[in-house]
Amino acid sequence: MCFMIIGCLVSGGCFPSAEREYHDQQIVMDTLINIKVYGPDEALLKKAVAEAFGEIERIAELSDRFAQPGTPAFTASDVCRINQAAGKQPVKVSDDVFKMIELSVEYNRLSGGAFDITVAPLLDLWGWGKDVPHRVPGDAEITQTLALVDSRKILLDKTAQTVYLAEPRMSLDLGAVAKGYATQKAAEILKKSGVNKALINAGGNIVTIGRKDDKNNWQIGIEDPRDTQNIVGVLSLADEVAVTSGDYQRGFVADGVYYHHILSPQTGRPAGETWSVTVVGKDSALADVLSTALFVLGPQRGLALVENLAGVDAFFVGADQKIYVSSGLKDKVQITPGGKYTHD
Ligand code: AMP
Ligand code: MG
């Protein structure tokens with residue numbers, strides 16, 4: 001008996017051991033991704049995080065649209081192969097890329113065309129390709145290129161799991177969905193590995209697993225899109241995701257004018273009604289799609305869409321310097337008092 005007690009004290013095995021934190025960060029998809037996990041077994045935590053990063057890298061490779069033809073990375077990228085075969089033939093793809101495209105096509109329809117993964121030729125025109133200079137295109141080029149932007153010309157065959165772009169020179173860009181999809185898959189790996197408390201932060205895409213502690217949810221700050229050292233609000237989340245799209249995240253200046261990376265498929269130019277929008281929900285892939293869709297739609301049309309969808313909410317900072325919050329978010333967000341934005 002005495003021996004047992006001593007044995008327990010030495011090994012610590014009879015009592016719940018202290019919670020440990022393990023974290024790692026890597027740059028994937030041009031984004032610094034930080035994963036923090038908590039639990040008693042450090043070896044388990046470490047292994048789970050390594051597997052989660054492996055999954056994020058796998059999704060990044062499948063959805064990379066900038067791999068060089070003739071390289072192994074090109075063959076490994078479903079998106080490169082789809083784009084290369086535009087107007088020629090359907091391409092068999094992985095489950096993951098098929099799911100991302102299916103989701104994107106559905107939200108192209110639900111957003112009335114605001115979300116459109118066929119914007120790639122337009123992104124290229126603005127110099128959002130790899131290692132090309134940014135430029136402001138002329139009206140005629142924009143109109144011409146817009147003819148290639150149409151998600152209804154993505155033909156999906158679910159049984160064969162193929163994707164076909166119906167016109168030559170069409171191309172896909174999964175930049176608005178792949179990071180969210182990858183962090184969702186990473187979170188699922190962490191959970192399957194037995195991690196029940198974690199925080200994934202992939203530059204504006206946040207996934208929470210569990211709660212911060214017995215009494216508190218995770219507190220997630222929403223950056224001020226015009227002063228990222230400050231926050232405009234704090235979200236209180238547990239087992240939820242928060243994904244932000246913002247005009248401040250990527251952009252360039254030409255002739256004193258700032259141009260950002262989220263384009264309106266209607267005008268072919270950076271969408272102008274939103275400074276930032278944060279979507280809260282249960283699934284990070286869906287929240288990522290929606291954050292971009294709502295950004296393009298702007299606060300009024302965006303809120304109308306989100307109020308019609310179950311399980312998702314949104315926090316907008318509009319270009320009119322007003323904060324807009326969807327009804328389901330009101331008890332989950334604390335707007336910073338005395339801030340420079342007005343709200344109802
Ligand atoms: P996010 O940060 O999730 O809003 O994604 C922005 C990225 O999505 C851009 O860098 C582009 O790669 C891509 N993108 C830009 N405009 C659109 C659009 N209207 N629909 C879908 N993807 C877009
Ligand atoms: Mg997005």
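The values are calculated or read from the model by the stated rules, or taken from the named source; none is laboratory data. Just so it is clear, the structure is predicted and the values come from calculations on it, not from any experiment. Note that we place each Cβ from the backbone using ideal geometry, even for glycine, and neighbour counts take in every protein chain shown. All accessible areas refer to the heavy atoms of the entire protein, side chains included, with ligands and DNA or RNA removed. Shrake-Rupley method; radii C 1.70, N 1.55, O 1.52, S 1.80 Å.
Structure above, values below:
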read-out	value
Any chance residue 151 is within 16 Å of ligand 2 (Cβ to nearest atom) and either open to solvent by less than 10 Å² (accessible area, probe 1.4 Å) or in contact (Cβ under 8 Å) with a residue 40 or more places away in the chain (or both)	yes
Condition check for residue 169: open to solvent by 20 Å² or more (accessible area, probe 1.4 Å) and within 15 Å of ligand 1 (Cβ to nearest atom)	no
Residues within region 292-316 that are among the hydrophobic types (A, V, I, L, M, F, W, C), more than 16 Å from ligand 2 (Cβ to nearest atom) and open to solvent by less than 40 Å² (accessible area, probe 1.4 Å), tallied	1
Failed condition for residue 207, given (1) at pLDDT 95 or above; (2) touching a Leu at 6+ places or on another chain (Cβ under 8 Å); (3) open to solvent by 20 Å² or more (accessible area, probe 1.4 Å)	(3)
Positions within region 252-263 being over 20 Å from residue 178 (Cβ atoms) and either assigned to a strand (DSSP E or B) or modelled with pLDDT under 95 (or both), in sequence order	252, 253, 254, 257, 258, 259
One residue from 129, 138 being of a type in the set (Gly, Ala, Ser) and within 12 Å of ligand 1 (Cβ to nearest atom)	129
Every residue from region 172-186 that is closer than 17 Å to residue 119 by Cα and either away from ligand 1 (no atom under 16 Å from the Cβ) or of a type in the set (Val, Ile, Thr) (or both)	177
Region 31-58 residues that are of a type in the set (Phe, Trp, Tyr), paired with ones that are open to solvent by 10 Å² or more (accessible area, probe 1.4 Å) and at pLDDT below 95 (beta carbon under 7 Å, 6 or more apart)	38/19
Residue that is farthest from ligand 1 (Cβ to nearest atom), among those in region 264-311 that are polar (S, T, N, Q) and part of a loop (DSSP other than H, G, I, E, B)	308
Residue in region 324-335 that is modelled with pLDDT under 95, open to solvent by 10 Å² or more (accessible area, probe 1.4 Å), within 30 Å of residue 209 (Cα to Cα) and more than 21 Å from the chain's Cα centre (by Cα) present	yes
Criterion violated by residue 255 - all others in (1) open to solvent by 10 Å² or more (accessible area, probe 1.4 Å); (2) at negative phi; (3) more than 10 Å from ligand 1 (Cβ to nearest atom) satisfied	(2)
Residue match in region 130-139 (condition: in contact (Cβ under 8 Å) with a residue 40 or more places away in the chain, within 30 Å of residue 241 (Cα to Cα) and open to solvent by 50 Å² or more (accessible area, probe 1.4 Å))	yes
Qualifying residue in region 246-265 (condition: over 25 Å from residue 301 (Cβ atoms) and within 16 Å of ligand 2 (Cβ to nearest atom))	no
